[in-house]
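Student: Take this structure first; my questions come after.
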Amino acid sequence: MAYDCHQHLWPPRLLDALRRRSEFPYLRGWTLHLPGEPPYQVDPAAHDVAARRAREVADRRDRVLVSLSSPLGIEHLTGPDGAELIDVWHESALELPEPFAVWAAASVAAPDPSGLAKVLREERVVGLQLPATALTDPPAVARMAPLLDEAERAGKPVLVHPGPAPETAPGLPTWWPALGPYVAQLHLSWLAWHAAGRARHPSLRIAFVALAGLAPLHHERLAARGGLLGPVDPKVFYETSSYSTRAIDAMVRVVGVDPIVHGSDRPYAESADPGLGAAFTHAMFTANPRVLMGEPR
């Protein structure tokens, strides 16, 4: 069974809900408006469910895990707006056909552990996605403990994904959020988990997208400043989207092969085999994702 652990696909009901909004995040036609990024022209074909399914079948992906895109900032919305959009996400995503399965979403502004527990009981919900902006330091990890507890109790993993980018000066390149704020968020969330998360949640499996922004490669600097990487945590995983051979190989030299899981971030990036050998390909696409999902190694 070949996995893609990280994709985004917006069902029609979610698109309609975003078009009804007058405040961030919202859609005007196919143009996405966010506070921290320039208007983004969404490709309609990227969210054509039948076309996306056909593509996954052609790519021989047996299980494709889709999530609400945390840079939209929906998890951070206060009041009923955020809860409504999250409900729309769950209801519409669970109607997607195979091979799609679903990462749950949850409000981080007003956490609802009991509501999340109900969603996590759905068979096609594989775990919980949280924005890295909700896990920026040890106190933030403590604030998210009620949600993390529910995932741990359900025996399902957590996926840490970049959250909304802060507002920046106009005229910056379109790639700026992905290379600046997103990477910084992943670094901070990884450090917060390293410093405080595992001690609070000893059995929780957690995966960081985009190789945690390569945060583990800074282990020498961590040691130089009084920290310690310590033994490799067998319940921490690193998803590969937007990175290829050199970055993945460098990560393997620090954390080993077992934590590396394939994800594409489609439609924003494409699936890639780093070409590190057949055994590694099997580990990254099949064996390691199964362990992330809770199967024995």
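The values are calculated or read from the model by the stated rules, or taken from the named source; none is laboratory data. It should be emphasised that the depicted structure is a prediction, and the values quoted were computed from it without experimental measurement. Positions of Cβ are generated from backbone atoms using ideal geometry, with glycine treated the same way; all protein chains shown enter the neighbour counts. Surface accessibility is based on the protein's heavy atoms, side chains included, excluding ligands, DNA and RNA. Shrake-Rupley method; radii C 1.70, N 1.55, O 1.52, S 1.80 Å.
Student: (1) part of a loop (DSSP other than H, G, I, E, B); (2) in contact (Cβ under 8 Å) with a residue 40 or more places away in the chain: which one isn't true of Ala151, the others all being true?
Tutor: (1)
Student: Another question, if that's okay. It is to be established whether one or more residues within the range 267-288 are under 20 Å from Tyr182 (Cβ atoms) and without any contact (Cβ under 8 Å) to a residue 24 or more places away in the chain.
Tutor: Initially, the range 267-288 is screened for residues under 20 Å from Tyr182 (Cβ atoms), giving 267-272.
Cutting the leftovers down to without any contact (Cβ under 8 Å) to a residue 24 or more places away in the chain gives us 270.
Within the range 267-288, one or more residues are under 20 Å from Tyr182 (Cβ atoms) and without any contact (Cβ under 8 Å) to a residue 24 or more places away in the chain.
Student: Ok, one more. Can you tell me how many residues in the range 123-148 are in a helix (DSSP H, G or I) and either within 17 Å of Pro113 (Cα to Cα) or aromatic (Phe, Trp, Tyr) (or both)?
Tutor: Initially, the range 123-148 is screened for residues in a helix (DSSP H, G or I), giving 132-134, 138-143, 145-148.
Now restrict to residues that are either within 17 Å of Pro113 (Cα to Cα) or aromatic (Phe, Trp, Tyr) (or both): 134, 140-143, 145-148.
The qualifying residues number 9.
Student: Right, here's the next one. Scan the range 60-69 for residues that are surrounded by fewer than 18 Cβ atoms within 10 Å (Cβ to Cβ) and within 21 Å of the chain's Cα centre (by Cα) and jot them down.
Tutor: Filtering the range 60-69 for residues surrounded by fewer than 18 Cβ atoms within 10 Å (Cβ to Cβ) gives 60, 62.
The one that is surrounded by fewer than 18 Cβ atoms within 10 Å (Cβ to Cβ) and within 21 Å of the chain's Cα centre (by Cα): Asp62.
Student: Would it be correct to say that His161 is at pLDDT 95 or above, open to solvent by 50 Å² or more (accessible area, probe 1.4 Å) and either closer than 20 Å to Leu34 by Cβ or aliphatic (A, V, I, L, M) (or both)?
Tutor: Values: at pLDDT 95 or above: yes; open to solvent by 50 Å² or more (accessible area, probe 1.4 Å): no; either closer than 20 Å to Leu34 by Cβ or aliphatic (A, V, I, L, M) (or both): yes.
Taking the combined requirement at face value, the residue does not satisfy it.
Student: Could you please tell me which pairs satisfy a Cβ distance under 8 Å, a separation of 6+ or placement on different chains, a first residue in the range 1-12 that is under 18 Å from Trp89 (Cβ atoms) and of a type in the set (S, T, N, Q), and a second residue that is open to solvent by 10 Å² or more (accessible area, probe 1.4 Å) and assigned to a loop (DSSP other than H, G, I, E, B)?
Tutor: Qualifying pairs under 8 Å: Gln7/Asp265; Gln7/Pro267.
Student: Still on this structure: What is the one condition in (1) without any contact (Cβ under 8 Å) to a residue 12 or more places away in the chain; (2) in contact with a strand residue (DSSP E or B) (Cβ under 7 Å, 6 or more places away or on another chain); (3) not polar (S, T, N, Q) that Val261 does not satisfy?
Tutor: Single failed check for Val261: (1).
Student: Looking only at the range 178-195, count every residue that is open to solvent by less than 30 Å² (accessible area, probe 1.4 Å) and closer than 15 Å to Leu222 by Cα and tell me the total.
Tutor: Residues flagged as open to solvent by less than 30 Å² (accessible area, probe 1.4 Å) and closer than 15 Å to Leu222 by Cα within the range 178-195 amount to 4.
Student: Can you tell me which of Gly29, Gly79 is at pLDDT 95 or above and either on the phi > 0 side of the Ramachandran plot or of a type outside the set (Lys, Arg) (or both)?
Tutor: Exactly one residue qualifies, and that residue is Gly29.
Student: Just checking, does the range 108-115 include any residue being in contact (Cβ under 8 Å) with a residue 40 or more places away in the chain and either open to solvent by less than 10 Å² (accessible area, probe 1.4 Å) or over 13 Å from the mean Cα position of the chain (by Cα) (or both)? Steps first, please.
Tutor: Filtering the range 108-115 down to residues in contact (Cβ under 8 Å) with a residue 40 or more places away in the chain leaves none.
Among the residues of the range 108-115, not one is in contact (Cβ under 8 Å) with a residue 40 or more places away in the chain and either open to solvent by less than 10 Å² (accessible area, probe 1.4 Å) or over 13 Å from the mean Cα position of the chain (by Cα) (or both), which makes the answer no.
Student: Go over the candidates Val119, Val88, Val141, Val102 one by one and state the one that is buried (at least 17 other Cβ atoms within 10 Å of the Cβ), within 15 Å of the chain's Cα centre (by Cα) and among the β-branched types (Val, Ile, Thr).
Tutor: Details: Val119 fails: within 15 Å of the chain's Cα centre (by Cα); Val88 fails: within 15 Å of the chain's Cα centre (by Cα); Val141 fails: within 15 Å of the chain's Cα centre (by Cα).
Answer to the selection: Val102.
Student: Something else about it: Could you give me the residue pairs with C-beta distances under 7 Å whose first residue belongs to the range 231-242 and is closer than 15 Å to Leu65 by Cβ and open to solvent by 70 Å² or more (accessible area, probe 1.4 Å), whose second residue is at pLDDT 95 or above and among the β-branched types (Val, Ile, Thr) wherever it lies, and which are 6+ apart or on separate chains?
Tutor: Within 7 Å, no pair qualifies.
Student: Another one. For a quick check of your reading of the model, give me the residue pairs whose first member lies in the range 33-59 and is charged (D, E, K, R), whose second is surrounded by fewer than 11 Cβ atoms within 10 Å (Cβ to Cβ), with beta-carbon atoms closer than 7 Å and at least 6 apart or on different chains.
Tutor: What qualifies is Arg53/Pro97.
Student: Okay, next question. Go through the range 251-297 and give me each residue that's open to solvent by 50 Å² or more (accessible area, probe 1.4 Å) and closer than 27 Å to Val49 by Cα.
Tutor: Pass one, the range 251-297, residues open to solvent by 50 Å² or more (accessible area, probe 1.4 Å): 253, 257-258, 268, 270, 273, 275-276, 278-279, 282, 290, 295-297.
Answer for the range 251-297, where residues must be open to solvent by 50 Å² or more (accessible area, probe 1.4 Å) and closer than 27 Å to Val49 by Cα: Tyr268, Glu270, Asp273, Arg290.
Student: Being closer than 30 Å to Asp43 by Cβ, under 17 Å from the mean Cα position of the chain (by Cα) and in a helix (DSSP H, G or I), is that true of even one residue in the range 271-285? Break it down stepwise before answering.
Tutor: So the first thing to find is which residues in the range 271-285 are closer than 30 Å to Asp43 by Cβ, and the list is 271-275, 281, 284-285.
Now restrict to residues that are under 17 Å from the mean Cα position of the chain (by Cα): 271, 284-285.
From what is left, the residues that are in a helix (DSSP H, G or I) are 284-285.
So far as the range 271-285 goes, yes, one or more of its residues are closer than 30 Å to Asp43 by Cβ, under 17 Å from the mean Cα position of the chain (by Cα) and in a helix (DSSP H, G or I).
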